[in-house]
Amino acid sequence: MVKIFEDEAQLSKAAAELFIQKAQEAVKQHGLFTVALTGGSSPVQLYTLLAQLPYREQVPWEKMFVFWGDERWVPLTANENNARMAMEILLNKVPVPEDQVYPMYEEDTEPEAFAQQYEQLLQQHFNKQPPQFDLILLGMGDDGHTASLFPGTEVLQETSRLVQAYYLKPQSMHRITLTAPLINQAKTICFLTFGSKKAPALQQVLEGERNPEKYPSQLIQPKQGELIWFVDESAASLLTKKK
């Protein structure tokens, strides 16, 4: 499903409403809300809204368990760290229990070892059942990547692991990411995509030939859950099938 909004502000407002809806539904159904947050610029307005009234009072924060879709392997104090951004804008301003927030970083640990730990953490959280997030938020880069699923990387071929760490040469850093098979088990996946720079990749991901090696966001096709694209008019400008 593709939903087109006038601008980033309207998109972010709709995303906040979706976040609240999915949180309330999850708590009503099974007593907790498990979400994977995204980094980058895409969710900043969304997180800002959720930390403010009237949105803040509608989320069952004490029942929320927070994971991340991916992370740069940099300390939590680094500006590039996705978790730091989410904490400063949102999580430090709402009553989420600290022990229910799981950043993708740990001092004095190798990235590959931590990826295995994070996978075990997910398995424990889901009581060794197939991990199924209530909501996964994703952004999409200008190159069509999502999470840390970048074009031409080996992680795109992963079929069994839940979490992977690898060294991304173009960025000269390690990345940790949820894998496509895990993401695709989610109940709801929501892409937040705006700006004219995203338009060419968005058109290829949604309407072009299947080529996930070049446009990894094409890998995101949930098995049973719903996939929602929240895009603004600028990002959607090259789409021929507008909904």
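Every read-out reported here was derived from the displayed coordinates using simple, explicitly stated rules and does not represent laboratory data. Computed from a prediction, not measured in an experiment: that's the story for all the values here. Cβ: placed from backbone, ideal geometry, glycine included. Neighbour counts: every protein chain shown.
What is the spin-label model distance, in nm, from residue 62 to residue 123 if the labels are put 7 Å beyond Cα along the C-beta direction?
Once both label points are built, they end up 3.2 nm from each other.
Taking amide H positions as placed 1.01 Å from N in the peptide plane, with prolines and chain starts having none, which residues 5 or more places from residue 234, or on another chain, fall under 5 Å of its amide H?
195
Going 7 Å from the Cα of residue 142 along its beta-carbon direction, which residues of the range 161-175 have the amide nitrogen within less than 17 Å of the resulting point?
Within reach of a label on residue 142, which here means backbone N under 17 Å from a point 7 Å along Cα→Cβ, the range 161-175 contributes 170-171.
I need the phi-derived Karplus couplings for the range 119-132: 6.51 cos²θ - 1.76 cosθ + 1.60, θ = phi - 60°, integer Hz, Gly and Pro marked x.
5, 5, 4, 5, 4, 5, 4, 9, 6, 6, 8, x, x, 9
Per-residue ellipticity at 222 nm for the chain, helices alone: DSSP H runs ≥ 4 residues times -39500 (n - 2.57), over residue total, nearest 500 deg cm²/dmol?
After summing the helix terms and dividing by residue count, I get -8000 deg cm²/dmol.
Once you place label points 7 Å from the Cα toward the Cβ at residue 77 and residue 32, how far apart are they in nm?
For the pair residue 77/residue 32, the computed spacing is 3.1 nm.
Report the dimensions of the chain along its three principal axes from the alpha-carbon atoms, largest first, rounded to Å.
Largest first, the chain extends 45, 42, 35 Å along its Cα principal axes.
Mind scanning 22/63; 13/197; 3/187 and naming the pairs with a C-alpha gap bigger than 23 Å?
Distance filter (> 23 Å) returns an empty set.
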